[in-house]
Amino acid sequence: MEPATVYIADKDHYDKVLSKVSKIRSTLWIATADIKDLHVSSGTDSVPFLGEIASLISKGKQVRLMHAKEPGPVFREDFDKYPVLIHGLERALCPRIHFKLMIFDFKEVYIGSANLTGAGIGMKSQRMRNFEAGILSSDTALVDAAAEHFDSVWRGVCCKNCGRRKYCPDPIE
């Protein structure tokens with residue numbers, strides 16, 4: 001039996017965390033400070049991560065994405081390739097987000113340093129990727145705490161009294 005909590009370093013972010021995305025049964029929540037074009041392996045090719053998200057949404061899965069700043073132009077081009085994302089991807093922008101979380105079906109959570117970028121959690125080569133660290137856990141208390149933290153930001157609990165409100169283009173509340 002695999003331990004309830006495992007340490008994730010460097011390339012394991014792609015191999016052991018990002019690989020779980022396509023296997024979700026109902027719900028995926030992602031929080032990241034930075035988001036750029038990110039690709040995943042598909043057979044002998046690579047495809048935009050947004051294609052995988054679009055596939056999940058097309059199958060009726062719920063995907064929430066919170067991030068701190070608007071993504072770059074390549075991400076936007078990839079986004080436009082998948083029309084289901086326009087209304088199907090639940091997305092929130094909050095300039096205070098710096099945490100990195102991925103919550104899989106409320107059964108497992110990744111908590112760590114990796115942004116949703118190629119060099120962070122994506123399929124960059126060992127020589128090009130960031131040094132990242134995190135944990136992957138199925139510990140119920142940890143999953144529940146991470147989900148509650150994510151959801152409180154998602155619901156805009158802190159928006160009313162936020163000291164960075166003037167930098168927020170669209171308060172969540």
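Worth a mention:
- Filter result (under 16 Å from V17 (Cβ atoms) and hydroxyl-bearing (S, T, Y)) within region 114-173: T117, S137, S138
- Residues that are on the phi > 0 side of the Ramachandran plot and aliphatic (A, V, I, L, M), drawn from region 152-173: none
- Taking each residue of region 145-173 that is farther than 15 Å from E90 by Cβ and looking for partners that are open to solvent by less than 60 Å² (accessible area, probe 1.4 Å) and modelled with pLDDT of 95 or more with beta-carbon atoms closer than 7 Å, six or more apart or interchain, yields A146/L101; A146/I103; A146/V109; A146/I111.
- Considered as a group, the residues in region 43-76 that are in contact with a strand residue (DSSP E or B) (Cβ under 8 Å, 6 or more places away or on another chain) and of a type in the set (K, R) include one that is nearest to R91 (Cα to Cα), and that residue is R64.
- Any pair with Cβ under 9 angstrom, 6 or more apart, that starts in region 18-33 at a residue that is open to solvent by 10 Å² or more (accessible area, probe 1.4 Å) and modelled with pLDDT under 95 and ends at one that is of a type in the set (K, R) and part of a strand (DSSP E or B): A33/K100
- Those residues of region 34-85 which are open to solvent by 70 Å² or more (accessible area, probe 1.4 Å), part of a helix (DSSP H, G or I) and either touching a residue at least 60 places away in the same chain (Cβ under 8 Å) or within 13 Å of S22 (Cα to Cα) (or both), in sequence order: S58
- Verdict on E132 being acidic (D, E), surrounded by 14 or more Cβ atoms within 10 Å (Cβ to Cβ), over 17 Å from A9 (Cβ atoms) and under 16 Å from the mean Cα position of the chain (by Cα): no
- Residues (of a type in the set (V, I, T), over 15 Å from the mean Cα position of the chain (by Cα) and farther than 23 Å from W154 by Cα) located in region 37-88: T44, V47, V74
The values are calculated or read from the model by the stated rules, or taken from the named source; none is laboratory data. Since we're looking at a predicted model, the values are computed, not measured. Please note: Cβ atoms are built from the backbone with ideal geometry, for glycine as well, and neighbour counts cover all protein chains shown. Note: accessible area is taken over every heavy atom of the protein model, side chains too, but ligands, DNA and RNA are not part of it. Shrake-Rupley method; radii C 1.70, N 1.55, O 1.52, S 1.80 Å.
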